[in-house]
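For reference, the structure is listed below as structure tokens.
The values are calculated or read from the model by the stated rules, or taken from the named source; none is laboratory data. All figures in this text were calculated on a predicted structure; none of them were measured in a lab. As a convention, Cβ positions derive from the backbone with ideal geometry for all residues, glycine included, and neighbour counts pool all protein chains shown. The area values use the complete protein model at the heavy-atom level, side chains included, leaving out ligands, DNA and RNA. Shrake-Rupley method; radii C 1.70, N 1.55, O 1.52, S 1.80 Å.
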Amino acid sequence: MPIPFEKLTNKDILHHQAAYDCFDGAGKSLFPDWDIIGFEKAVLGCGEPCYLQMADEIRKIPNLFGDLDKTMPFLRFREQGQHYGYELFLSPPKFWGSRGAPLWWAYAARQFTYDKLPMDEQFFYDKYKGIAREFGLKMTSNQYIYIERFAAGGMSSGKVGCEFVREGWYDVRRRNRLYQSNIALPQNLYLDKVKERIAWYCEKTEAFDYVLNPKLDNDGFIFAFEDAGLNEHQREIVSQLWGLYTGKPMSRKEVADKHGVSYNSVRQIEICSLRHMLRNKNRDNLIVEE
């Protein structure tokens, strides 16, 4: 089922241009000192907390998001219906690197709100690169650029790293490819072992108030798995440990012997893989709050 717009988090709203515009319009009608950029900085940085208090009042407005639930439902990954480019940005990249990066990321996401998925990759790249260039960010550079628009307090306030923008492109490109009909996603996955390991990780990790999502299915898992930022070596190891494609999990010793690595290395790769899969928004596919 689509997620109702009224249930979206403040971060989600900042990644969706239509919801962003509705929220901004409502804020202006309620508060003479409302500033949507101030709201962005409060949500994604260290901005003035008064905007969060205003946001709580804005959310009480009936029919705040108009007919968006009907005209542009906020779909879950691979849920039936038309998907749009902003969805590729809802999960954060592997690293931010600076305080300004989350604000640039949300800004970029909004520019893709009406671009249907899957996007032509060249179109996607050119548009993404153009958004970076608006702010002097070069895909081939390793510089940090200060951008006042994204300055929201704290160390490295307003700075966005070109390396972050470049690595972010690889993330969203990979996600876009998951929506392409010519990409063959595995139809037969065996999730018993991975469910066991996710439940184990949730139980062993202190201050982690989550449990295995009882509705975890193949589509939800493969998106989280593909988007976890694992390299091919790591993915092969955990796939064999969990028996994802065979239904026959291998022991750590068997996997270590097969790959010529240590037992401890295999253990660390599995834990690292679980941590990456469960640390960002994709975790909603895998785990739920207790």
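Output yes when any residue across region 19-40 is within 20 Å of the chain's Cα centre (by Cα), open to solvent by 30 Å² or more (accessible area, probe 1.4 Å) and within 21 Å of Gln111 (Cβ to Cβ), and no when none is. Within region 19-40, none of the residues are within 20 Å of the chain's Cα centre (by Cα), open to solvent by 30 Å² or more (accessible area, probe 1.4 Å) and within 21 Å of Gln111 (Cβ to Cβ).
Being open to solvent by less than 40 Å² (accessible area, probe 1.4 Å) and at pLDDT below 85 is the filter here, so list the residues in region 227-241 that pass it. The answer is Asp227, Ala228, Gly229, Leu230. Exactly one residue out of Asp126, Asp67 is under 27 Å from Gly38 (Cα atoms), surrounded by fewer than 14 Cβ atoms within 10 Å (Cβ to Cβ) and free of Cβ contacts under 8 Å to residues at least 24 places away in the same chain: that is Asp67. Taking the conditions exactly as written (of a type outside the set (A, V, I, L, M, F, W, C), loosely packed, with under 13 Cβ neighbours inside 10 Å and more than 19 Å from Gln17 (Cα to Cα)), does Glu121 satisfy them or not? So Glu121 fits the description; yes.
Within region 216-225, restricting attention to residues that are open to solvent by 40 Å² or more (accessible area, probe 1.4 Å) and in contact with a helix residue (DSSP H, G or I) (Cβ under 9 Å, 6 or more places away or on another chain), which residue is nearest to Phe77 (Cα to Cα)? So, considering only residues that are open to solvent by 40 Å² or more (accessible area, probe 1.4 Å) and in contact with a helix residue (DSSP H, G or I) (Cβ under 9 Å, 6 or more places away or on another chain), the one nearest to Phe77 (Cα to Cα) is Asp219.
Residue count for region 248-264 satisfying the condition of being outside any helix (DSSP H, G or I), at pLDDT 90 or above and surrounded by 13 or more Cβ atoms within 10 Å (Cβ to Cβ): 2.
Among the residues of region 45-64, those identified as under 30 Å from Val165 (Cβ atoms), at pLDDT 95 or above and surrounded by 14 or more Cβ atoms within 10 Å (Cβ to Cβ) are Tyr51, Ala55. Residues that are assigned to a helix (DSSP H, G or I), within 20 Å of Asp284 (Cα to Cα) and either in contact with a Cys (Cβ under 6 Å, 6 or more places away or on another chain) or among the hydroxyl-bearing types (Ser, Thr, Tyr) (or both) within region 84-119 comprise just one, Tyr86.
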